[in-house]
Amino acid sequence: MKKYVLALCVGALASFSAMAQSTEHKKAEAYIGYSASSVDTGVSPNDDFSDLVGEREGFHGFEVAGVYNFHRYVGFKGSVSGTYNNKDFAFTVPVGEGTGQVSFDANSSLYNFLGGVQFKDNASEARIKPFAHILAGAGHGRVKVKNLFCDEGIDCAGFAGTTSETGFAGAFGGGIDVKLNNRVDLRLIQVDYNPIRFDNATTHNVRFGIGLVFK
């Protein structure tokens, strides 16, 4: 009888031990990947030169992020991303009784410095791991004009130089991670709504990502 009770106790302890191990979760993860943004330029079809600029532009770059998981399903997340776009412009403007040519290269960059929470089952042994996050912080945009050319009689002072602005930003979205091994996941897709407040107006951007998650 004593042996039977002892066996039950050992079995119960083993069961509790297994349950405790199953609820253990990864304490931290780091992400690095490619980032692409569909950026709202703030130019509507009725604005001047809208046929040149368009409403949205494609930006390409990187994102790095780190997460500290204080709970199996919730973690604090910090993210930095930078995306870039280079474009050439050439158009004519009225000059006296005729027209003149203006051309330049515009090198644009958009950065996000964000923090918030991520929701994900960090103890899951499943191969497919969906996640969601809510982030807020700052966005910084910069445009540098290079190789400016203006025909005689055209005042191009307003085009030259570099302009930049910083404003409130957020990222609301998520994606899917696919387990490669115990240390590395593939971030198959990440999609975020990325609003940024510039010059008292909100730009409605969409951000896409793919990369690797290290645990």
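Values quoted throughout were computed directly from the atomic coordinates according to the rules given, and no laboratory measurement underlies them. Quick caveat: nothing in here was measured; it's all calculated off a predicted structure. All Cβ positions, even for glycine, are placed from backbone atoms using ideal geometry, and neighbour counts span all protein chains on display.
Miscellaneous remarks
- Fraction of C-alpha pairs exceeding 17 angstrom in region 121-161: 65 percent, rounded to a whole number.
- Sorted fewest first by neighbouring Cβ atoms within 10 angstrom, 25, 204, 133, 71 come out as 71, 204, 25, 133.
- Under a 5 Å amide H cut-off, with hydrogens placed 1.01 Å from N, residue 210 pairs with 34 among residues at least 5 apart or on other chains.
- Ordering of 125-132, 26-33, 170-177 by burial proxy (mean other Cβ atoms within 10 Å per residue, highest first): 170-177, 26-33, 125-132
- Loop-resident sites, region 161-206, for trypsin sites (Lys or Arg not before Pro), counting at most 14 other Cβ within 10 Å (DSSP): 183
- Structure note, pairs 27/129; 77/179; 87/129: Cα-Cα distances above 26 angstrom occur for 87/129.
- Integer Hz, Karplus 6.51/-1.76/1.60 couplings in order for region 118-135, x for Gly and Pro: 10, 10, 6, 7, 7, 9, 5, 8, 5, 6, 9, 10, x, 8, 9, 8, 10, 10
- Added length on full extension, which subtracts the Cα-Cα distance from 0.36 nm per residue, residue 134 to residue 160: 5.6 nm
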